[in-house]
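Asks: So that we are looking at the same thing, I have put the structure below in structure tokens.
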Amino acid sequence: MADPKPVLTAAVVTVSDSCSRGEREDASGPAVAQCLENLHFTVIAREVVPDDEIQIQNLLIRLAREVPLIVTTGGTGIAPRDVTPEATIKVCDRLLDGVAERMRSEGTEKTPFAALSRGVCGVRGKALILNLPGSPKGAVESLEAVAVLLPHALNLLSGQTEHRAM
């Protein structure tokens, strides 16, 4: 029997000064895109943007009109240029603290450094935005930690609010 065809679309945004300048190859974006494809999403956009709050905001606003799921990787730490959470907060209508907490909680099972991630998750219109860490391993593990939540969250955002027995 063939695998189910992907029906959900997503965008992956890598936030990195060095990748945006072409000084370093993006490893996290492709890893996150592959993970999403394994979860039966079609990744219709992959973007790289520098650690610039305004550029991140503008990209998230544009992508939120195009896809129901935006996953960012990078810029969630405590370095001075890590501004992805601030940019995300400014464009979201609502935050989903529990989703970010779940990613950090699962992450600390593997590395104590996961507690340093400031990634946030939120909603803009009908789009769900997830901030993941910049390391490929941390990004994929964080996405996998919340993968079970994504279909239900996206259904709710699309207006399918009936409750079904699990």
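No value in this document is a laboratory result; all are computed from the given coordinates. Nothing here was measured: the structure is a model prediction, and the numbers come from that model. Cβ coordinates were reconstructed from backbone atoms using ideal geometry, including for glycine residues, and neighbour counts include every protein chain displayed.
Asks: When the residues of segment 2-50 are filtered to those that are in contact with a Pro (Cβ under 9 Å, 6 or more places away or on another chain), within 12 Å of GLY75 (Cβ to Cβ) and of a type outside the set (S, T, N, Q), which remaining residue is surrounded by the fewest Cβ atoms within 10 Å (Cβ to Cβ)?
Replies: ASP17
Asks: Separate question: Name the residue, out of ALA127, ALA147, that is surrounded by 16 or more Cβ atoms within 10 Å (Cβ to Cβ), among the aliphatic types (A, V, I, L, M) and either over 22 Å from LEU36 (Cβ atoms) or under 13 Å from the mean Cα position of the chain (by Cα) (or both).
Replies: Just one listed residue meets the conditions, ALA127.
Asks: Same structure again: Of the residues that make up segment 67-88, is at least one surrounded by 17 or more Cβ atoms within 10 Å (Cβ to Cβ), in contact with a Cys (Cβ under 6 Å, 6 or more places away or on another chain) and either closer than 15 Å to LEU132 by Cβ or not aliphatic (A, V, I, L, M) (or both)?
Replies: No, there is no match, as no residue in segment 67-88 is surrounded by 17 or more Cβ atoms within 10 Å (Cβ to Cβ), in contact with a Cys (Cβ under 6 Å, 6 or more places away or on another chain) and either closer than 15 Å to LEU132 by Cβ or not aliphatic (A, V, I, L, M) (or both).
Asks: Next up: On the given criteria, is THR73 touching a Pro at 6+ places or on another chain (Cβ under 9 Å), hydroxyl-bearing (Ser, Thr, Tyr) and touching a residue at least 12 places away in the same chain (Cβ under 8 Å)?
Replies: yes
Asks: OK, next. Any residue in segment 101-115 that is out of contact with any helix residue (DSSP H, G or I) (no Cβ under 7 Å at 6 or more places or on another chain) and either within 18 Å of VAL15 (Cβ to Cβ) or among the aromatic types (Phe, Trp, Tyr) (or both)?
Replies: Looking through segment 101-115, at least one residue is out of contact with any helix residue (DSSP H, G or I) (no Cβ under 7 Å at 6 or more places or on another chain) and either within 18 Å of VAL15 (Cβ to Cβ) or among the aromatic types (Phe, Trp, Tyr) (or both).
Asks: Over 13 Å from the mean Cα position of the chain (by Cα) and loosely packed, with under 13 Cβ neighbours inside 10 Å: is that true of THR111 in this structure?
Replies: no
Asks: Quick check, is ALA10 in contact with a helix residue (DSSP H, G or I) (Cβ under 6 Å, 6 or more places away or on another chain) and either among the acidic types (Asp, Glu) or at negative phi (or both)?
Replies: yes
Asks: When the residues of segment 35-57 are narrowed to those that are of a type in the set (S, T, N, Q) and in contact with a strand residue (DSSP E or B) (Cβ under 9 Å, 6 or more places away or on another chain), which ends up farthest from ASN155 (Cα to Cα)?
Replies: So the residue we want is GLN55.
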